[in-house]
Amino acid sequence: MFNSLLINNSLYFRLISYLVCILGFIALIVTGGINVITAPIIFILVVLCGTIENTKFQLSERIALIVIVIFIIFYFCIWQFQFFGVSEDGLTFNLLGYLIVSVGIIKLFQKKNERDWIFLYLISFFEILLAAGSSISLKFLICLIFYLFAAISSIVALEIFKSFKEVHKNNQYNKRNLLGTNFRLLLVSLSLLLLIGIFAIPIFFFLPRTGASGINGNLQNQNNTVGYSNSIELGKIGSFQENRQIVMRVEVESRTEITTSLKKWRGITLDYFDNKSWRKSNIRDKPYRELVKNIDNQILLKPYTNPKNETIQKVVLESIDSPTIFSLYNPLELYGDLNLVFQDSEGSITSINDSERIGYTVKSDASLPSEDDLISDNTLYSEDYSRYLLLPQIDKQIKDLAENVVLSKNAVSRYQKAREIESYLQNNFTYTLDLKVSGSEPLADFLFDKKAGHCEYFATAMAVMLRTQGVATRIVNGFQFGEYNETANVYVVKQKDAHSWVEVYFPKYDTWIPFDPTPSSGLISGGSDVTFIGKLSSYVEALETLWIQYFVSYDNKNQRSFFRKVKTQFSVIQKYISDLILESKLSIVNWWNDLSGEKGFEARLYAIIRAISLIIFSFVVIFFLILIGKKVWRFNIWKKFFSIFSKNNEYLVIEFHERMIKALAKQGFTREVYQTPLEFALGLNIDEAVKITENYQRVRFGKQTLSNTEIDEIENWLKIIEANK
């Protein structure tokens, strides 16, 4: 009865137990197991459960069991017969989540005993497991941390109440002691949480990582797949640019500042245009080639060269509906725990990643030939590059426009023609997401009628206009550089950064040079938001990035790197210790030589003085250490530290009484086995001992509490007794 009374009347216990259940619900919500629309209904029901707690409106155990069985049958029918027109695969995960939540809410409506609370804890635990199987995100991590604390607190509280039931059989308790117990269990919970972290961290660093996030990892990824197309249809990129979903996070290390024209994430290159879209031409003699990884998961994309501006990109790529691997201009090496990796004739890289988040590192050469070198390149194209000059049947005005732009600026070389057409499009057309281009030839409508469009219209216009002038071009589909997060030192690339631009081939240097005719209004600066909201958002994004980089994407390479760092650090420490020992040995040898008189009387005298000084100093240090140790032991500083958090409890007064017994024993006073504590104190004729014993019995057996003033008085009485030697 007493245990039930405590459970039903302890506000702390009810709050912490309800918090455990709520956190289980939240974990499913943030990971997609429960629709956000239904979340308010769930929370309203939970609040209602708490409101009717310990009232006649609660369900009996039998009625609750009947309702649970009905719900199980209901959800089984939905799953088995695929009601509501949803496929079986799409329902499995969500139905399981709703079933567990429904059972939990029904149990909350029920009159509860110890067994029911434990059942609710188990339900919340399964909710956490189901959420972890769906998605390991930063939101889930935060929810998990709070859940661990709440779960440990609730279990500790339940165990304390069960102990009270055994001790207090008369069903009487002191409210102040109960409040103190509640506060102490908070400290115990924090300690247990700390211990879990201490044991979990080594396990985290040793266990290998897998690509999937859990038992149902791919399901959530498929629901949140990032849109990316392997072709470009005029007018379609605008839908991507209105989406702020994150595509990738990239940390960039470069020797020098990267040229603005190279600050783009290359995806695929497209060479065939049919008046409405770009795609890859079908070249059977140049298929995809599989790239071979070495033992360190390193792939050489090009024969080894000495890069002029080596740039390293550490990429964490979200799940996308394309196997494309993104990098900066001119990638040389690729490193990562990737599956099959291929490279096509255009140099585009793909990897089969099963729609999972992947991490990889790319080394690029972010350098370009000089402008003078490019202007002087008039080398003829070989037959292999003729496809970059092909055009469909286009409006004759497009060729005339290109000729007028080139002739008006006296552009002769390929580079000059490219720069002039690029500048013409940037300065005479408008960037807009409110697209109005139409017709059978959208490019002509863009150039001569609307004069406004997305980036793919600008890139297409430049590529086609240059082809009419005999310049080999292709389109690149990728992303702009993204927003720089100064806190995490990464570039955050989102779908709104989707971008297309042009590359022009220069045969003399066998290189493709990027050009971007999109006006500056359509380009993102890459800077960070300096407003308060922007700063706050950047901190959240930085935390999310760190979580992904060092926890979710912590793969074998990171583990090897971690162990290498640990090994290196141990080597440094070992070398330091070895050097210290060697120096000590040399010092002892030199001191012995001085003491033996080999270097004369003065050196010998100085060696003796040094030895005596060292001995005296050592004795002084040891003396003070012993003195401080005795003081620490006598005053039990560590116990006093904990007593700060629990002054009104039995532990403190017992500790006082034990100190008094030890002090009296040193003075020759010991209690006989037949004496009670108070009889022993009265026989001593020491007022302080009597007062301490009376307070001891009042708290220990009378279940009373001590005020701060009384605690200070007892401390002073103890000092008086301990001083009488």
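The values are calculated or read from the model by the stated rules, or taken from the named source; none is laboratory data. From a predicted model like this one, the values you see are computed outputs, not experimental measurements. Here the Cβ positions follow ideal geometry from the backbone for every residue, glycine too, while neighbour counts run over all protein chains shown. For accessibility, only protein heavy atoms count, side chains too; no ligands or nucleic acids. Shrake-Rupley method; radii C 1.70, N 1.55, O 1.52, S 1.80 Å.
Computed values, structure above
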{"read-out": "Amide H contacts of Gln110 (H built 1.01 Å from N, under 5 Å, at least 5 apart or other chain)", "value": "Leu59"}
{"read-out": "Sequence of Tyr674, Tyr415, Tyr98 from largest to smallest accessible area, 1.4 Å probe", "value": "Tyr674, Tyr98, Tyr415"}
{"read-out": "Residue-level accessible surface for Lys139, protein heavy atoms, 1.4 Å, Å²", "value": "140"}
{"read-out": "Sequence ranges 293-300, 658-665, 447-454, 569-576, ranked by mean other-Cβ count within 10 angstrom, highest first", "value": "447-454, 658-665, 293-300, 569-576"}
{"read-out": "Distance in nm between pseudo-label sites at Ile295 and Lys56 (7 Å out along the Cβ direction from Cα)", "value": "8.0"}
{"read-out": "Simple spin-label estimate for Val589 and Asn427 in nanometres, 7 Å along Cα-Cβ", "value": "7.9"}
{"read-out": "Cross-link pairs Lys363/Lys567; Lys630/Lys691; Lys276/Lys314; Lys409/Lys494; Lys293/Lys496 - those with Cα-Cα distance over 31 Å", "value": "Lys276/Lys314; Lys409/Lys494; Lys293/Lys496"}
{"read-out": "Packing-based order for 255-265, 588-598, using average beta carbon neighbours within 10 Å, highest first", "value": "255-265, 588-598"}
{"read-out": "Sorted peptide list for 714-723, 270-279, criterion being average Cβ within 10 angstrom, highest first", "value": "270-279, 714-723"}
{"read-out": "Solvent exposure, largest accessible area first (probe 1.4 Å, DNA, RNA and ligands not counted), of Lys396, Lys302", "value": "Lys396, Lys302"}
{"read-out": "Length added when fully stretched, Asn410-Asn339, from 0.36 nm per residue minus Cα-Cα", "value": "20.5 nm"}
{"read-out": "Projected label distance in nm at Thr259 and Leu48, using a 7 Å step from Cα toward the beta-carbon", "value": "6.7"}
{"read-out": "Against the rule of thumb 2.2 N^0.38 Å, how large the Cα Rg of region 279-340 comes out", "value": "1.30"}
{"read-out": "Accessible surface of region 260-349 [probe 1.4 Å, protein heavy atoms]: carbon and sulfur percent", "value": "51"}
{"read-out": "FRET efficiency for Tyr381 and Glu486, using Cβ-Cβ distance with R0 set to 41 Å, rounded to 0.05", "value": "0.40"}
{"read-out": "Shape call, region 404-492: gyration tensor on alpha carbons, a/c limit 1.5", "value": "oblate"}
